[in-house]
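The next block holds one structure in the form of structure tokens; read it before the comments.
The values are calculated or read from the model by the stated rules, or taken from the named source; none is laboratory data. Predicted, not measured: the structure shown is a model, and the values here were computed from it. All Cβ positions, glycine included, derive from the backbone under ideal geometry; neighbour counts span all protein chains shown. When the accessible area is computed, the model is the full protein with side chains, heavy atoms only, and any ligands, DNA or RNA have been set aside. Shrake-Rupley method; radii C 1.70, N 1.55, O 1.52, S 1.80 Å.
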Amino acid sequence: MIIKNLQSRLFVIILFLVCWFYGYQDILFKPPQSAHKWRQADCASITLNYYQYGLNFFEPQVHNLTSNGGKTGQCATSELPILYFFTSQLYHLTGPNDSILRFLNTLLFLVGLFYLYRLFELITLEFFWAASLTLLIFSSPVLVFYGNNFLSDTPALAMSIVAWFYFLRYHLQNNQRDWHKAIFFAMLAGFFKVSALLTLFAFIGILIIKQLRENRKVVLDYKKYQKAFIIPPIIAIGLVMFWIFYAAYYNKKYDCTYFSTTIFPIWDLKPELISYIFNNINKLWVPEYFSTSIYLLLGICLLFCTWFYRKGWNILLLGLAVLLAQAIVFVLLQFWTFNDHDYYTINLYIIPIIILANTAYILKNKFNKFFASWVLKATMVILLLFNWWYAKEKLNNRYTGWMNEYPAHENLDGIQPYLKSIGISPGDTAISIPDFSHVSLYLTNLRGWTLYSDARFNRGEKIYYNNDSAGIAASVEKGAKYLLINGLDELIKRQYLHSFTHYLLGKYETVLIFKLDTNVQNFNVKSVTDTTFYLNNAEITDGDYFIDALARKYEFANTQTDEKSFTGKYSVKLNKDQLYSMTTAFENLELGDSFKISGWRLGNVAIVLASEEEGLYYNNQMTIENRNAKGWEMVTKEVYIPENLIGKTIKIYLVYDGTGDCFFDDLSIQYIKRKLNF
């Protein structure tokens, strides 16, 4: 692709500046993490396995051994693994480095954005609108996050955009080569992600509708027409479907239900689950697709296109209608997956692109004075600046907020040299605890098993791995040589692991590495427990403090109230004016310490454990164990102190997390100290 004119070069410069603003230059070197780190690691795992084992293109494998009854790693994705295989070949020149896969995905996505600029330029004939409309699409937090990532969804969208560019240019210039290019890139999009076939089917639908509406008979050379317009899309669909059927065959052959090659339709779900999914999408994912301002803009544009449909470009109107119909079918067929998978919407972004394109076409040709006005352009600049900032904030949240669990297993990212030094080779088999995904297997470059539960597409009995001693024994029987436990606290609370932790081969930061296939013993966890019970029933105060029977002090006695209580006369009252209560601290935490905490709440009050040192530790998770007729709920939590809190101070407190007045009573804290001997 040669960028010939000055305006195109200027756009590329602006595009790279926006990428720099988003921090792509730093993200490029991050391993799989944040939202859907699991699927990211899968992509990188397929790539690394192609490279390490010289696998045939048609025999992809992953690090997790969940195929063939949990013995092998043969797994095929619904997307053609051409990008993974190509990257694996580059590894022979550069050495394995997952940033290469990130870079190639990003490059393809940016190529798509460049063609989106050309598409809008084709319609508006103006640099400002071509550039600004493209960069507006590039302010979607979902696209910004996955645009520089491992998943092939954004390259699929990019190829769809390229296809639409040539498709529209064909209808402007009537050059058959553009039609063939459109079909080729639409096929590539389908190879990268099956959902991107929406574009190819849209082209076919437009072609058929145009023929029917214009009532034309092909009176010229039918063979020439067939060769030009009928055979190419049939071949394209046939090639994409070949891989889909092959992937399904491959997975069935190896009894693999790891990658989905099926549907999860809405009619298979119960009404309460449908309602839950709708609520979750609205609360969690809708703000990630676009900001409210762009939703408002797209809504206005859609109404505008509908009202002035006679003034729009017929091709874009037909395309929008066919795409919307396909999108509805797609969402209904895959509804369950939208609950957790924000990236399933990526190839639906072609719809807002077509909406903006048709709006720009109508404004350019029928309302040119307004379209060229500085008022409209100034509004667009403000909208762009706001949405760039919005996308950057959302991107930062994904890498530094609750979505990113990478810090919990960051130490695994640098463990491979140490594993090699103690005699563990890449591809050796291991059990990794407490990972419920398979990210840890990729980071350690070990093949094996985690705490993963195979749901069998929700159509069979779940298969649980390593959740009890029988599960560990089954993995050992299948060939597990090593057991990796990330955190001594995990070993303490999962007592079923103790009988498999006789020989400590090594320790890397917080990761304990045990050798399984040996009778030699050099490690034995024994503990003497000493439990202290504290009960704060909010009845006794001394100045600013609540006091329990052991004379432990709890802050914020001003929250005491006799309005309501679970037992006794008093409880704690919290609201928007008083957010915290019952704060108490435990100092000099030791290895093996844990807390069992419970209490009764009326309204949303959370029990929090947090390190005194800001950002070191925070836990607000709870379980509702019981509920009485008056609405009081018993909430519990159990926390094992991680190694980074040894010698530190932790605070336990209540925090308001509701609406209106909330109440809490009978805070019970069991402080369990274990004197470990190993």
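With respect to the conditions (1) at pLDDT below 90; (2) open to solvent by 50 Å² or more (accessible area, probe 1.4 Å), Asn467 falls short on a single one, namely (1). Annotation note: of Leu90, Leu15, Leu101, Leu80, the sole residue that is modelled with pLDDT of 95 or more and either over 30 Å from Phe245 (Cβ atoms) or out of contact with any helix residue (DSSP H, G or I) (no Cβ under 8 Å at 6 or more places or on another chain) (or both) is Leu15.
Can you find a residue in segment 303-313 that is among the hydrophobic types (A, V, I, L, M, F, W, C), open to solvent by 40 Å² or more (accessible area, probe 1.4 Å) and not in a helix (DSSP H, G or I)? Yes - at least one qualifying residue is present in segment 303-313. When restricted to residues that are open to solvent by less than 10 Å² (accessible area, probe 1.4 Å), at pLDDT 95 or above and not polar (S, T, N, Q), segment 580-593 contains 2. Scanning segment 642-674 for residues that are among the hydroxyl-bearing types (Ser, Thr, Tyr) and touching a residue at least 60 places away in the same chain (Cβ under 8 Å) yields Thr649, Tyr653, Tyr656, Ser668, Tyr671. Of the residues making up segment 326-336, none is at pLDDT below 95 and touching a His at 6+ places or on another chain (Cβ under 7 Å). Looking at segment 1-109, the helices (runs of 4 or more DSSP H) lying wholly inside it that each contain 3 or more residues that are open to solvent by less than 10 Å² (accessible area, probe 1.4 Å) sit at 6-22, 37-53, 82-94.
Just wondering, is there one or more residues in segment 366-380 that are open to solvent by 10 Å² or more (accessible area, probe 1.4 Å) and under 20 Å from Leu143 (Cα atoms)? Yes, there is a match, as at least one residue in segment 366-380 is open to solvent by 10 Å² or more (accessible area, probe 1.4 Å) and under 20 Å from Leu143 (Cα atoms).
Residues that are of a type in the set (A, V, I, L, M) and either open to solvent by less than 20 Å² (accessible area, probe 1.4 Å) or in contact with a strand residue (DSSP E or B) (Cβ under 8 Å, 6 or more places away or on another chain) (or both) within segment 111-141 comprise Leu113, Leu116, Leu119, Ile123, Ala130, Ala131, Leu133, Leu135, Leu136, Ile137, listed in sequence order. Hey, any hits in segment 408-426 for a residue that's under 23 Å from the mean Cα position of the chain (by Cα), β-branched (Val, Ile, Thr) and open to solvent by less than 60 Å² (accessible area, probe 1.4 Å)? Scanning segment 408-426, I find no residue that is under 23 Å from the mean Cα position of the chain (by Cα), β-branched (Val, Ile, Thr) and open to solvent by less than 60 Å² (accessible area, probe 1.4 Å), so the answer is no. Selection over segment 303-362 of residues that are touching a Gly at 6+ places or on another chain (Cβ under 7 Å) and either without any contact (Cβ under 8 Å) to a residue 40 or more places away in the chain or not polar (S, T, N, Q) (or both) gives a count of 5. Scan (1) open to solvent by 30 Å² or more (accessible area, probe 1.4 Å); (2) over 27 Å from Gly23 (Cβ atoms); (3) modelled with pLDDT of 95 or more for the single condition Ala360 breaks and write down its number. For Ala360, the failing item is (1). Taken over segment 538-571, residues that are in contact (Cβ under 8 Å) with a residue 60 or more places away in the chain and on the phi > 0 side of the Ramachandran plot amount to 2. Before we move on, is Phe546 more than 41 Å from the chain's Cα centre (by Cα), open to solvent by less than 80 Å² (accessible area, probe 1.4 Å) and modelled with pLDDT of 95 or more? Against the criterion (more than 41 Å from the chain's Cα centre (by Cα), open to solvent by less than 80 Å² (accessible area, probe 1.4 Å) and modelled with pLDDT of 95 or more), Phe546 qualifies. Applying the set (1) over 35 Å from the mean Cα position of the chain (by Cα); (2) closer than 21 Å to Leu297 by Cα to Thr359 leaves exactly one unmet item: (1). I want to confirm something. Restricting to segment 26-58 and keeping residues that are of a type in the set (D, E, K, R) and in contact (Cβ under 8 Å) with a residue 40 or more places away in the chain, which single residue is farthest from Tyr146 (Cα to Cα)? Per the stated criteria, the residue is Asp42. Restricting to segment 435-456, and then to whatever is more than 19 Å from the chain's Cα centre (by Cα) and open to solvent by 20 Å² or more (accessible area, probe 1.4 Å), can you tell me which residue is modelled with the lowest pLDDT? In this case the residue turns out to be Arg456. The combined condition, being in contact with a helix residue (DSSP H, G or I) (Cβ under 9 Å, 6 or more places away or on another chain), open to solvent by 60 Å² or more (accessible area, probe 1.4 Å), free of Cβ contacts under 8 Å to residues at least 24 places away in the same chain and not β-branched (Val, Ile, Thr), is not fulfilled by Glu461. Here is a check on your reading of the model: is Ile492 open to solvent by less than 20 Å² (accessible area, probe 1.4 Å), β-branched (Val, Ile, Thr) and closer than 17 Å to Lys515 by Cβ? No; evaluated as a whole, the condition is false for this residue. Report yes if some residue within segment 473-480 is under 31 Å from the mean Cα position of the chain (by Cα), open to solvent by less than 20 Å² (accessible area, probe 1.4 Å) and modelled with pLDDT of 90 or more; otherwise report no. Scanning segment 473-480 turns up at least one residue that is under 31 Å from the mean Cα position of the chain (by Cα), open to solvent by less than 20 Å² (accessible area, probe 1.4 Å) and modelled with pLDDT of 90 or more. Only one of the numbered conditions (1) hydroxyl-bearing (Ser, Thr, Tyr); (2) in contact with a helix residue (DSSP H, G or I) (Cβ under 6 Å, 6 or more places away or on another chain); (3) under 30 Å from Tyr361 (Cβ atoms) is violated by Thr262, and that is (3). The strands (runs of 3 or more DSSP E) found wholly in segment 594-673 and carrying at least 1 residues that are surrounded by 19 or more Cβ atoms within 10 Å (Cβ to Cβ) occupy 594-602, 605-611, 633-640, 650-656.
Please work out which residue is modelled with the lowest pLDDT, limiting yourself to segment 524-543 and to residues that are surrounded by fewer than 14 Cβ atoms within 10 Å (Cβ to Cβ) and outside any strand (DSSP E or B). Within segment 524-543, the match that is modelled with the lowest pLDDT is Asn524.
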